[in-house]
1. Residues in segment 58-77 that are basic (K, R) and either part of a loop (DSSP other than H, G, I, E, B) or touching a Leu at 6+ places or on another chain (Cβ under 6 Å) (or both): how many?
2. Among the strands (runs of 3 or more DSSP E) contained in segment 192-262, which hold 1 or more residues that are of a type outside the set (D, E, K, R) and modelled with pLDDT under 90?
3. How about segment 116-141: which of its residues are over 24 Å from D177 (Cα atoms) and free of Cβ contacts under 8 Å to residues at least 60 places away in the same chain?
4. Would you confirm whether or not segment 165-181 contains a residue that is β-branched (V, I, T) and touching a Phe, Trp or Tyr at 6+ places or on another chain (Cβ under 9 Å)?
5. Scan segment 78-86 and tell me whether some residue there is under 22 Å from the mean Cα position of the chain (by Cα), in a strand (DSSP E or B) and at pLDDT below 95.
6. Could you identify the single residue in A17, A39, A29 that is more than 24 Å from Q251 (Cα to Cα), without any contact (Cβ under 8 Å) to a residue 24 or more places away in the chain and either hydrophobic (A, V, I, L, M, F, W, C) or part of a loop (DSSP other than H, G, I, E, B) (or both)?
7. Would you confirm, using the coordinates I've provided, whether P55 is buried (at least 16 other Cβ atoms within 10 Å of the Cβ) and part of a loop (DSSP other than H, G, I, E, B)?
8. Among the residues of segment 107-115, is any in contact (Cβ under 8 Å) with a residue 60 or more places away in the chain, more than 28 Å from L218 (Cβ to Cβ) and crowded, with 19+ Cβ neighbours inside 10 Å?
Amino acid sequence: MLTLVDGNPANNFLKRAGAFNPDGALNGARRITIAGHYAYILCNRGLVVLNIENPLTPRVESEIGAPDLLDPRGLAIQFRYGFVVDRQGLKVLDVTSLAHPRLIPGASVALEDARNIYVARTYAYVAGGKQGLVIVDVERPEHPKLGQVFNAGGEINDTRDVKLGMTNASAFAYLADGTNGLRIVQLFAPNDTPNYLGFSPRPTPKLIATYHTKGPALAVSKGSDRDRAADEDGNQIAVFNRRGSRPFNRQEAERLYMRNGQLYTVTKDPPGPATK
């Protein structure tokens, strides 16, 4: 499991163990996101969910296709929600059941040219193609709303991918801006964001660097986790630097929102004296 992060380039070799594409279900596969022991694959049919508990014998669990999803291009999963971008914009999925995600009616933001998405805390960062970097407020996932569109005065206009990273107390978005190359956008920093120490500061984007690539910049890889690396089930696989907490695994996360096998929600008590 540590082959690609142990700092030794001599052992960074993988070998093909098998192939899986029953009846062409995964034709045109272009993105994959792993959540627990499920693979969410975007392809010509839309979103196909595979059970990969046994990686050598995967099986199709469910699908979401047209008209709900039209040519989906990017997907991110956070807690019990999935955020997908397609030709119509950003749409939100309920993934309480990872095997059977469902589209949440009305939970969408129309976008002209969404290409990919990265979710960090209460914001979704969309590689918005000709629009640049689109920041969507997803603090209430079932009611997303457009936060801001940033294109540095028109300079950022071919955005294909976005990833986030932090250095000290500052956050940065790394953009694959197509024909323009790699862009680095400062999202917040101590010198220009008064609440930078908050849980989810409002981004104040600023273009700070550009690197012109030899060809169009199409994708950006995610950086390594600083403290603890964990797999998609929350199992720790390495400690890189300081000791720290790890992400919840699925069972731990479900304790926050499931009770007796059902989704747990809190409703306000009716007016009147308190009762036991």
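1. 1
2. 228-230, 236-239
3. Just the residues of segment 116-141 that are over 24 Å from D177 (Cα atoms), to begin with: 139-141.
Once the filter is applied, which keeps residues that are over 24 Å from D177 (Cα atoms) and free of Cβ contacts under 8 Å to residues at least 60 places away in the same chain, segment 116-141 yields only R140.
4. Scanning segment 165-181 turns up no residue that is β-branched (V, I, T) and touching a Phe, Trp or Tyr at 6+ places or on another chain (Cβ under 9 Å).
5. Yes, that holds for at least one residue.
6. On inspection, the qualifying residue turns out to be A29.
7. On the way: buried (at least 16 other Cβ atoms within 10 Å of the Cβ): no; part of a loop (DSSP other than H, G, I, E, B): yes.
No.
8. Just the residues of segment 107-115 that are in contact (Cβ under 8 Å) with a residue 60 or more places away in the chain, to begin with: none.
No, every residue in segment 107-115 fails to be in contact (Cβ under 8 Å) with a residue 60 or more places away in the chain, more than 28 Å from L218 (Cβ to Cβ) and crowded, with 19+ Cβ neighbours inside 10 Å.
The values are calculated or read from the model by the stated rules, or taken from the named source; none is laboratory data. Nothing here was measured: the structure is a model prediction, and the numbers come from that model. Because the Cβ atoms are built from the backbone with ideal geometry, glycine has one as well, and the counts that use them run over all protein chains shown.
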